[in-house]
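Read the structure below first, then the notes.
Read the figures in this text as sums done on the coordinates, not as results from a lab. All of these numbers come straight from a predicted model, not from anything done at the bench. With ideal geometry, Cβ positions are generated from the backbone for all residues, glycine too; neighbour counts draw on all protein chains shown.
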């Protein structure tokens with residue numbers, strides 16, 4: 001669409017679609033959609049956005065992320081104007097059976113990622129831009145529409161820093177500065193210079209647009225953003241919320257509020273003549289395929305010997321490095337603790353697939369989401385405790401159907417003297433709460449390697465919990481370790497109780513087993529290995545052979561392994577739970593295990609009390 005007048009007509013049609021769809025739905029965010037119409041119409045229909053509408057998954061398509069996901073009526077109207085969907089489908093906005101949801105999700109095939117929780121889109125775009133430039137050798141650009149309210153989120157500025165660090169000149173942000181948030185004026189109101197100064201300070205090309213509804217000025221901004229630079233660009237445009245509808249234009253109190261039928265009819269009159277059959281085609285992308293990397297044969301040789309002392313965190317890094325040869329899609333992101341998580345082992349032979357994300361966990365997870373959506377298998381690692389600050393990004397990833405592998409090291413009180421701030425004690429609960437997320441808790445180097453391999457092969461999000469301390473290798477091979485499996489590793493026909501544990505507490509349980517055996521008390525030991533999905537069948541069978549089950553975990557009781565086991569239907573004996581239930585402190589690992597009563601000594605005491613009370 002070359003002529004300015006044609007584009008003005010298209011903007012009127014897009015506004016009409018926004019108003020009609022939200023009025024029909026009786027809800028939505030028309031005012032937030034109306035403010036960005038010109039910004040998006042110029043992008044789409046002046047040749048800047050290159051996309052094959054008949055093949056949304058085409059590798060070299062430009063990508064568009066609506067970080068201000070509440071402006072979804074605009075997103076859907078744009079694709080209707082591009083001929084990708086039928087105009088009549090817009091009237092199903094927010095209907096239960098419609099793919100046009102209140103905030104975008106990949107049920108609508110032109111949505112890159114589920115958005116709506118503000119402050120995440122730029123990180124997702126960063127991940128996509130990284131994949132294009134640093135991994136695939138593709139020429140597509142990634143565009144991210146941002147709201148001025150969400151620029152108060154720290155995750156945006158984490159993304160700004162990293163985009164500059166990696167010189168992502170294929171990433172363009174567009175801030176729709178419409179002055180008004182949900183309940184009134186935003187932090188900087190209409191002052192686009194406040195955003196420009198800050199964005200420039202982070203090393204971006206800041207391009208100010210004094211009137212975001214002036215088609216020529218907006219076009220010039222995109223031309224500048226995409227013309228001969230070596231850094232990311234941010235278009236910062238002054239707009240009017242509710243533009244084109246006098247009842248709501250630049251007026252407070254209209255956020256998330258649709259027009260009623262009478263107001264809609266009046267607004268349509270204000271828009272002027274509307275050509276409802278108007279349609280335009282997008283420019284096609286350059287034909288280009290991603291750089292092909294031939295996988296090597298998988299190394300299946302035994303890496304560890306029984307009895308050898310190896311921490312599971314070290315085994316995680318070693319296993320990942322071994323696996324990277326045969327899985328060219330694996331990428332590794334770490335938050336400046338790779339020498340502790342041991343993910344830096346990948347850098348030896350595959351440094352181009354390791355991305356240092358620094359101490360910015362929210363952006364790290366968002367970028368991993370973007371990379372996952374471009375076909376990569378991101379392994380994301382940091383201390384287990386620090387994933388909690390990125391939980392919103394983790395939570396949102398499940399709605400995008402992503403394939404991210406999280407590894408939390410330094411879990412539990414057994415890390416010792418560093419103290420409570422470094423101890424992951426909520427992580428199992430957090431990842432268990434995610435729909436269909438697999439949760440592994442390996443106890444030795446061999447089971448860690450199994451968890452890493454299974455995670456890479458599994459389609460969907462996975463969490464691997466690793467331990468700081470060195471622990472003896474207890475498995476000779478990975479046989480029988482799978483998604484949804486646990487293993488009985490000590491048993492006899494004389495067992496009175498069964499202890500179910502994982503990680504460091506499994507080794508405490510094994511110590512208790514040996515000491516109790518000397519006293520003539522025989523117990524089963526079960527390695528939980530996979531906490532979600534649980535091996536319910538095995539645990540129900542175990543419950544039929546003993547008088548009680550005891551779960552022992554280096555984690556808070558709420559939402560942990562003990563609650564998971566207790567929730568199994570069909571257990572035929574009681575479940576006793578041992579978990580961290582005091583505020584931890586600095587100390588030696590063995591002191592903390594004793595203090596929290598999850599040590600060998602505490603396990604023995606618990607078993608003897610249960611036997612005594614049953615007698």
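What number does segment 180-265 give for Rg over Rh if you use C-alpha atoms and the Kirkwood radius? Can you show the working numbers first?
On the way: Rg = 15.8 Å, Rh = 14.8 Å.
Reported Rg/Rh, Kirkwood definition of Rh: 1.07.
Give me 444, 349 sorted ascending by neighbouring Cβ count inside 10 Å, so fewest comes first.
In increasing order of surrounding Cβ atoms, one gets 349, 444.
Taking 51 Å as R0, compute the FRET efficiency from the Cβ-Cβ separation of residue 252 and residue 585 and round it to 0.05.
Step by step, r from the Cβ atoms, then E = 0.55.
Working from Cα positions, state the angle (0 to 90°, nearest 10) between the long axis of helix 261-271 and the longest principal axis of the chain.
Its long axis makes an angle of about 50 degrees.
Given 0.36 nm per residue, what is the gain on full extension from residue 86 to residue 8 after removing their alpha carbon distance, in nm?
26.0 nm
Sorted from largest to smallest, which semi-axis lengths in Å does the alpha carbon gyration tensor of segment 55-160 give for its equivalent ellipsoid, taking the root of 5 times each eigenvalue?
For segment 55-160, the ellipsoid semi-axes come out as 24, 19, 10 Å.
If eta is 0.890 mPa s and T is 25 °C, what Stokes-Einstein diffusion coefficient results for segment 242-316, Kirkwood Rh from Cα pairs, in µm²/s? Present the calculation step by step, with values, prior to reporting the outcome.
Working: Rh = 20.5 Å.
In µm²/s, the coefficient is 120.
Please work out the Kirkwood hydrodynamic radius for segment 286-359, using every pair of different C-alpha atoms, and report it in angstroms with one decimal place.
Over segment 286-359, the inverse of the mean reciprocal pair distance is 13.7 Å.
Please compute the contact order of the chain in relative form: average sequence separation of alpha-carbon pairs under 8 Å and at least six residues apart, divided by the residue count, as a percent.
Details: 1406 pairs, mean separation 75.2, N = 615.
For the chain, the relative contact order is 12 percent.
Taking only Cα atoms of segment 456-504, what ratio of Rg to Rh do you get with Rh as the Kirkwood inverse-distance radius?
Taking Rg over the Kirkwood Rh, I get 1.00.
Taking only the Cα atoms of segment 37-77, how large is their convex hull per residue, in Å³?
83 Å³
Helix 445-457 versus the longest principal axis of the chain: what is the Cα-based angle in degrees, 0 to 90, to the nearest 10?
Computed tilt is about 30 degrees.
Could you give me the radius of gyration and the Dmax of segment 4-271, taking only the C-alpha atoms into account and expressing both in angstrom?
When restricted to Cα atoms, segment 4-271 yields Rg and Dmax of 17.2, 53 Å.
Normalise the Cα radius of gyration of segment 433-543 by 2.2 N^0.38 Å (N = residues in it) and let me know the number.
Details: Rg = 14.3 Å, N = 111, 2.2 N^0.38 = 13.2 Å.
Here the answer is 1.08, to two decimals.
I need 418, 277 ordered by Cβ neighbour count within 10 Å, fewest first.
277, 418
Using the Kirkwood formula on the Cα atoms of segment 542-615, what hydrodynamic radius do you get, in angstrom to one decimal? Before the final figure, lay out each step's value.
Working: mean 1/r = 0.0752 Å⁻¹.
The answer is 13.3 Å.
Plugging the Kirkwood radius over Cα pairs into Stokes-Einstein for segment 382-446, at a temperature of 37 °C and a viscosity of 0.692 mPa s, what D comes out in µm²/s?
Result for D is 259 µm²/s.
What Rg and what Dmax come out for segment 1-111 when only alpha-carbon atoms are used, in angstroms?
Using the Cα atoms of segment 1-111, the pair Rg, Dmax is 13.1, 39 Å.
Using only the Cα atoms, what convex hull volume per residue in Å³ does segment 486-596 have?
Value for segment 486-596: 97 Å³ per residue.
Which value, to two decimals, describes the C-alpha radius of gyration of segment 309-472 once divided by 2.2 N^0.38 Å?
Its radius of gyration relative to the 2.2 N^0.38 Å reference: 0.92.
At a Förster distance of 25 Å, what's the computed FRET efficiency of residue 515 paired with residue 558, Cβ-Cβ distance as r, to 0.05?
Plugging the Cβ-Cβ distance into 1/(1 + (r/R0)^6) gives 0.25.
On a full-extension model of 0.36 nm per residue, what is the gain between residue 164 and residue 98, subtracting their alpha-carbon distance, rounded to one decimal in nm?
Length gained, residue 164 through residue 98: 19.9 nm.
May I ask for the Rg/Rh ratio of segment 385-497, computed from Cα atoms with Rh as the Kirkwood radius, given to two decimals?
Taking Rg over the Kirkwood Rh, I get 1.00.
Return the whole-Å distance between the Cα centroid of segment 190-234 and the Cα centroid of segment 512-529.
If we compute the Cα centre of each part, the gap is 67 Å.
Taking the Cβ-Cβ separation of residue 50 and residue 568 as r and a Förster radius of 51 Å, what is the calculated FRET efficiency to the nearest 0.05?
In this case the efficiency is close to 0.45.
What is the P(r) of segment 546-587, as percent of Cα-Cα pairs per 5 Å bin from 0?
In whole percents, the pair-distance histogram is 5, 23, 27, 20, 13, 6, 4, 2, 0.
Order by neighbour count: 371, 469, fewest other Cβ atoms within 10 Å first, most last.
Ordered from fewest to most neighbouring Cβ atoms within 10 Å, 371, 469 come out as 469, 371.
Pop out the Kirkwood hydrodynamic radius of the chain from its pairwise C-alpha distances, inverse of mean 1/r, in Å to one decimal.
Details: mean 1/r = 0.0382 Å⁻¹.
Over the chain, the inverse of the mean reciprocal pair distance is 26.2 Å.
So how tilted is helix 72-81 from the main axis of the chain? Cα-based, degrees 0 to 90, rounded to 10.
Tilt of helix 72-81: around 60 degrees.
Counting pairwise Cα distances across segment 344-397, what percent come out greater than 19 angstrom?
In whole percent, the long-distance tail amounts to 28.
Would you mind giving the average projected area, over all directions, of the Cα convex hull of segment 126-249 in nm² with one decimal?
Here the figure is 7.8 nm², rounded to one decimal.
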